[in-house]
Amino acid sequence: MAEDPTQTPSVARMYDYFLGGTHHTPVDRAAADVVIAANPDQRRLVRANRDYLGRVVRELAGGYGIRQFVDIGSGLPTADPVHEVAARVAPDVRVVYVDHDPAVVAESRALLADGGGRHVTAIAGNLLDPESVLGDPDLVAVLDPEQPIAVLMLAVLHFFSDRDDPFGAVAAYRDLLAPGSSLALSYLGTGDDPEWEDKLDATEDVYQGASQQYFPRTRLQVLRFFEGFELLEPGLSTVAEWRPDSAPDPDLARIATYGFAGVGRKPTT
């Protein structure tokens, strides 16, 4: 008998729950509540990551003229999704959401049917297979691979072990993308605070039983993802410190210390 996916916590639906959304099940909420109990700052971290996503999209669309976005590991397009944020800057922006979970993709398409428009779609894809993702017929029907694309990998790369070779996958995206394209990522990493290590251990325990497991890395390891890209200012920072709209809340800055965030641009020459 096939396993019932609703009985396994979904990373995408847990993320939606952290954001205060409505697209989650009792199993997702129970797992997410364990994470929150271990780390009461979890909701603020997730919200800060979402706010960072909004700033990245606005900067790339408004300041760098990017009109094409691929959000890989997107989860559900709720709570300020890429296409809505981008449309406020440039109505002609095109967006493709990519998730490995067919159930999440189906739900995403249903949500987008109520207002996504013909320049927005969701596809099933494996981050580790760049050629398949960027060559997907539904993606190519929306995006022009010969023009710059911003690839977003927010809060997703930490779900891949070294054995998966996420570094090789990101390098392959870089090679396939047109000059002027961008890579934006956020990553929940490691820290020196013993209390954080305890929270991290509890978080890892939860994700061991979820749809994806969690693999923390150091700052230097995360920097490897940007090889071949020119890091935009302020370099590899945190989700709170990357081009904030206002002075970051000191408490939020403390919470975000253990996450990394950055945007790289593929050189045009």
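The values are calculated or read from the model by the stated rules, or taken from the named source; none is laboratory data. These figures come from a predicted structure and were not determined experimentally. Counting neighbours? That spans all protein chains shown, and the Cβs are built from the backbone with ideal geometry, glycine included.
What is the number of the single condition among (1) in contact with a helix residue (DSSP H, G or I) (Cβ under 6 Å, 6 or more places away or on another chain); (2) basic (Lys, Arg); (3) within 20 Å of SER182 (Cα to Cα) that ARG43 does not meet?
(3)
Residue pairs, Cβ under 6 Å, 6 or more apart or interchain, first in the stretch 172-189 and farther than 27 Å from VAL46 by Cβ, second of a type in the set (Ser, Thr, Tyr). List them.
What qualifies is PRO179/THR268; GLY180/THR268.
Would you point out which residue out of SER108, SER74 is hydroxyl-bearing (Ser, Thr, Tyr) and within 29 Å of ARG224 (Cα to Cα)?
The match here is SER74.
Using the structure shown, decide if PRO102 is surrounded by fewer than 16 Cβ atoms within 10 Å (Cβ to Cβ), closer than 26 Å to ALA171 by Cα and at pLDDT below 95.
So PRO102 fits the description; yes.
Scanning for something touching a strand residue (DSSP E or B) at 6+ places or on another chain (Cβ under 6 Å) and either closer than 23 Å to PHE260 by Cα or crowded, with 22+ Cβ neighbours inside 10 Å (or both), does the stretch 33-41 turn up at least one residue?
Step one: list which residues in the stretch 33-41 are touching a strand residue (DSSP E or B) at 6+ places or on another chain (Cβ under 6 Å), which gives none.
No, the stretch 33-41 has no match at all.
Among the residues of the stretch 108-139 satisfying the criterion of being under 23 Å from PHE160 (Cβ atoms) and among the charged types (D, E, K, R), which is surrounded by the fewest Cβ atoms within 10 Å (Cβ to Cβ)?
Looking at residues that are under 23 Å from PHE160 (Cβ atoms) and among the charged types (D, E, K, R), I get GLU131.
Of everything in the stretch 54-99, what is assigned to a loop (DSSP other than H, G, I, E, B), farther than 22 Å from TYR173 by Cα and free of Cβ contacts under 8 Å to residues at least 40 places away in the same chain? Give them in sequence order. Can you show your working first?
The first filter runs over the stretch 54-99 and keeps only residues assigned to a loop (DSSP other than H, G, I, E, B), leaving 64-67, 73-81, 88-93.
So of that shortlist, the ones also farther than 22 Å from TYR173 by Cα come out as 76-81, 88-92.
Residues satisfying the conditions are ASP80, PRO81, ARG88, VAL89, ALA90, PRO91, ASP92.
If I filter the stretch 170-178 for residues that are touching a Phe, Trp or Tyr at 6+ places or on another chain (Cβ under 9 Å) and among the aliphatic types (A, V, I, L, M), do I get at least one hit?
Within the stretch 170-178, one or more residues are touching a Phe, Trp or Tyr at 6+ places or on another chain (Cβ under 9 Å) and among the aliphatic types (A, V, I, L, M).
Would you point out the residue of the stretch 140-153, among those that are assigned to a loop (DSSP other than H, G, I, E, B) and not acidic (Asp, Glu), that is surrounded by the most Cβ atoms within 10 Å (Cβ to Cβ)?
Ranking the candidates gives ILE149 first.
Which of the residues that make up the stretch 58-90 are of a type in the set (Ser, Thr, Tyr) and in contact with a Phe, Trp or Tyr (Cβ under 9 Å, 6 or more places away or on another chain)?
SER74
Take the residues in the stretch 15-32 that are modelled with pLDDT of 75 or more and in a loop (DSSP other than H, G, I, E, B), then tell me which one is nearest to LEU188 (Cα to Cα).
HIS24
Restricting attention to the stretch 33-43, and to residues there that are within 18 Å of TYR187 (Cα to Cα) and in a loop (DSSP other than H, G, I, E, B), which single residue is modelled with the highest pLDDT?
ASP41
Tell me, which residue of the stretch 64-78 that is over 15 Å from GLY264 (Cα atoms) and among the aliphatic types (A, V, I, L, M) is surrounded by the most Cβ atoms within 10 Å (Cβ to Cβ)?
For the stretch 64-78, the residue satisfying everything is LEU76.
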